Amino acid sequence: MDLGIRGKRALVCASSKGLGKGCAEALAEAGVDLVLNARGAEALEATAAAIRARHNVNVTAIAADITTDEGRDRVLQAAGAVDILVTNAGGPPPGMWSDWTRDDFIRALDANMLTPIALMKALLPGMIERKWGRVVNITSQSVKAPIAVLGLSNSARAGLTGYVAGTSRQVAPFGVTINNLLPGIHATDRATSLDQGVMKAEGIGMEEARARREATIPARRYGDPAEFGAACAFLCSQKAGFIVGQNILLDGGQTLATL
Ligand code: NAP
């Protein structure tokens, strides 16, 4: 399917690995020029070079922490006028409700709520002026059904979801859509580190930890970052202009809900 976005320009945050990288790859396959970002320069440059070679699109790589004012300023400066924004950052650590301090909450809110909001505030005016834009926020399945040990994530992402629910309706008249993609368990470094947590807590091996988590997913496997990226590219496409303010689960059926 031709997604109709060849020649557009996208900023994909936190995209040297995992789900962000999956989104970058899929957008590049659709002919979109990219600005990529991550903190570690080495993996970021390697990802940028591989995407350039495979898809023959322009790729700019900015090594910066997207959750800091300074990092965001450098990324936005390099990005300039973009048509597509994919927000993403690392997720907060797991823990126990009674241990989280105010500082822990501020860090989680900064990374997973206020950073995407700051990026949207910076880039939406240009999209509105040009009468076309797409924003996809990578959030989490925990927005629909809480993951108890990820209380910091549950809280921060719920805040972002509320912001998107209203803002998406305010920008839709200008040809700009905002939607959220809610990943369930995908095979990325983040999933491996959560598996390691299960290993430690249960005193089992890695294979067993993974098998136990796979058994909780009706599709009986972890998601693939490439299929996550394909869904993101579709939401960013010309075809998806009537999808506004939605929260789309990609979780292999794990969240037990009728709607
Ligand atoms: P991942 O495989 O660990 O990749 C994270 C990517 O983000 C890396 O490229 C990393 O590079 C970059 N990054 C992290 N913090 C950053 C920062 N402050 N500034 C800029 N770049 C940053 O993680 P993932 O599995 O793709 O997860 C992406 C998001 O989806 C996370 O918020 C996660 O909580 C959420 N999620 C994931 C799953 C899953 O199963 N994978 C499920 C639900 C939700 P550097 O470390 O070099 O910066």
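Of the candidates 138, 128, the single residue that is assigned by the TED database to the domain that holds residue 65, buried (at least 17 other Cβ atoms within 10 Å of the Cβ) and touching a strand residue (DSSP E or B) at 6+ places or on another chain (Cβ under 9 Å) is 138.
Give me a count of the residues in the range 202-222 that are touching a helix residue (DSSP H, G or I) at 6+ places or on another chain (Cβ under 9 Å) and closer than 15 Å to residue 186 by Cβ.
Qualifying residue count for the region: 5.
Suppose we filter the range 131-152 for residues that are within 13 Å of the chain's Cα centre (by Cα) and either within 11 Å of the ligand (Cβ to nearest atom) or among the acidic types (Asp, Glu) (or both); how many remain? Total meeting the criteria: 5. Might you let me know whether the range 221-241 holds any residue that is under 15 Å from residue 22 (Cβ atoms), touching a Leu at 6+ places or on another chain (Cβ under 8 Å) and of a type in the set (D, E, K, R)? Yes: the range 221-241 contains one or more residues that are under 15 Å from residue 22 (Cβ atoms), touching a Leu at 6+ places or on another chain (Cβ under 8 Å) and of a type in the set (D, E, K, R).
Within the range 160-198, restricting attention to residues that are polar (S, T, N, Q) and within 16 Å of the ligand (Cβ to nearest atom), which residue is surrounded by the most Cβ atoms within 10 Å (Cβ to Cβ)? Reasoning before the result, please.
Here is the first cut: in the range 160-198, the residues polar (S, T, N, Q) are 161, 167-168, 170, 177, 179-180, 188, 192-193, 196.
Of the ones still in play, those that are also within 16 Å of the ligand (Cβ to nearest atom) are 161, 179-180, 188, 192-193, 196.
Values: 161: 19, 179: 20, 180: 25, 188: 21, 192: 13, 193: 12, 196: 12.
Here the residue is 180.
Counting only residues that are loosely packed, with under 11 Cβ neighbours inside 10 Å and either among the hydrophobic types (A, V, I, L, M, F, W, C) or not in a helix (DSSP H, G or I) (or both), the range 206-215 holds 1 of them.
The values are calculated or read from the model by the stated rules, or taken from the named source; none is laboratory data. Note that this is a predicted model, so its numbers are computed, not measured. Please note: Cβ atoms are built from the backbone with ideal geometry, for glycine as well, and neighbour counts cover all protein chains shown.
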